[in-house]
Each structure stands twice: as structure tokens, then as C-alpha cells.
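The values are calculated or read from the model by the stated rules, or taken from the named source; none is laboratory data. None of these values were measured; they are calculated from a predicted model. Positions of Cβ are backbone-derived with ideal geometry, glycine not excepted, and every protein chain shown enters the neighbour counts. Just so you know, the surface numbers come from the protein's heavy atoms only, side chains and all, with ligands and any DNA or RNA stripped out. Shrake-Rupley method; radii C 1.70, N 1.55, O 1.52, S 1.80 Å.
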Amino acid sequence: MKQQSSLEKVSGNLGVSTGLTFIAALAGGPVAPFLPLLSSSLASTRHAKRIEDAFQDLDNKLKLVENSLRDLTDNQYKLICETILALATSVQVEKIELLKSCILNTIEVTELDDSDVTVISRALRDISIKQFRTLVQYRDSEEIVIYELVQTPKENDRRTWLVTSEEDSVSIFTLSNLGLLAIVASGAGGTIHYKYLDSAYKLIDLCLGSACT
């Protein structure tokens, strides 16, 4: 009998596989007939190779902390499984690397509640690399103020001011919709004030932590 890999052990009955095989298992229904056509594309081949390499790398690193896998909390286990799902359908190399880091670092983080898992897993699935970079870039801001009219911040103002039309502003709107930032005020000149939620800091730490590197 074939011995289970460390990745298979931690994902349980998730049925981890790669590329369109994995998507087919999730999709079914009216989507299924199109998958054989997509599987013949070069993009599908590249995707399958990236995911296969990612899973192999994960398996090698999980072997180093196999004892810790036995003691996962329910919330750790759930977040790891959700992140594996996100990884299997990701096509960007940089996002795949972030998701791998999140899986490995989740093993070390026991203080995760249900709301953390819900918000972080959704964000990991939907966030783009551009949005993640914006999240990291402004993490030390006291507040982020999006404005339509020209404003002149005071010299000692620790807030970050962004014009509505800027790319980073669009990212901030999306990050708020993902549950990572909250609107705390609105004011004259069409200003909207955002603050980071704890889930945003936890997501950053999970993705940029150094476990198993």
C-alpha cells in the first residue's frame, strides 16, 4: 500500500490533486464538459507543473514538523485545508509562494478563532498580489484616508492619504470588502477613513512568517 505523504495526512480526505483534475472534482455539473478542452492548453500544463512542484515542496517541509501536525487545533486544520484549496487553483507563482508560507506558518499559530479562519481563508482565495502588496505597504499607517478633493495633511499627520483614483485606493476598497479593513469615519470632501482589522495583521504574518524556511 502506498504510504501517505505529509500533505495528504494534514489535508485528510480533501483529495488533494493538481490542476484541472482538482477543479473538475470541485466543479462538476455544466462546467465539466469544458475541462478536457482546457486541459489541452499550454496554460493548463504550466499550471499543473507549478502546483505539482508546490505540493512536493510543501510535503518535504511538512515532514520536518510532522509531530506538530498531530496536535493541530480544529481552526488550524480548517485554515490549512482552505489554503490548500486556494493554492490548487492559483496560477501566479508569487501567490502560490504566499499560500505555501501561510500553510507552514499556520502550524505555529494556535490562537485562531472561527472568525479569523473565515475572513483569512476568504481573503487568501480572492486577494491579488497587487492587493496584498498594498496591504503590507500601509500596515503601519494610523489610518488610511481616501479623498476625492485635494487635501493638505498636517505635517505631523501619521495617516496615509490617497486620492480616490489611485490604484492603491482601489486596492483599499477591495481589502475592505474582504474584511481586512474597516471604515471608521467619513468626512468633508468625500473622505473615507479606513483602519486595519486584526485579521489583516494575522494574514500578513501568516504569509510572511519564516516557519520552515
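With an 8 Å Cα cut-off and a minimum separation of 6 or more residues, compute the relative contact order for segment 73-181 in percent.
Answer for segment 73-181 is 24 percent.
Taking segment 80-124 as the region of interest, what is the percent of Cα-Cα pairs per 10 angstrom bin, listed from the shortest bin to the one with the maximum distance?
Per 10 Å bin, starting at zero, the Cα-Cα P(r) for segment 80-124 comes out as 27, 59, 13 percent.
List the extent of the Cα atoms of segment 128-202 along each of their three principal axes, largest first, rounded to whole Å.
Ordered largest first, segment 128-202 gives principal extents of 31, 24, 19 Å.
Counting only residues 5 or more places away or on other chains, whose amide H sits under 5 Å from the amide H of Thr191 once H atoms are built in the peptide plane?
Residues meeting the criterion, in which the H sits 1.01 Å from N, are Glu148.
Sequence neighbours fewer than 8 away in the same chain don't count; with that in mind, list the lysines whose C-alpha is under 21 Å from Lys78.
Lys9, Lys61, Lys63, Lys95, Lys100, Lys202
Counting only protein heavy atoms and a 1.4 Å probe, tell me what percentage of segment 51-198's accessible area is made up of carbon and sulfur.
That share works out to 46 percent.
What whole number of Å gives the distance from the Cα centroid of segment 83-103 to the Cα centroid of segment 48-65?
If you average the Cα positions of each part, the centres end up 11 Å apart.
Under 12 Å from the Cβ of Val117, count the other residues' Cβ atoms, weight Lys and Arg +1, Asp and Glu -1, and hand me the total.
That sum, taken over residues with Cβ under 12 Å, equals -3.
Using only the alpha-carbon atoms, what does segment 48-170 span along each of its principal axes? Please give whole angstrom values in decreasing order.
Here the spans come out as 55, 33, 21 Å, largest first.
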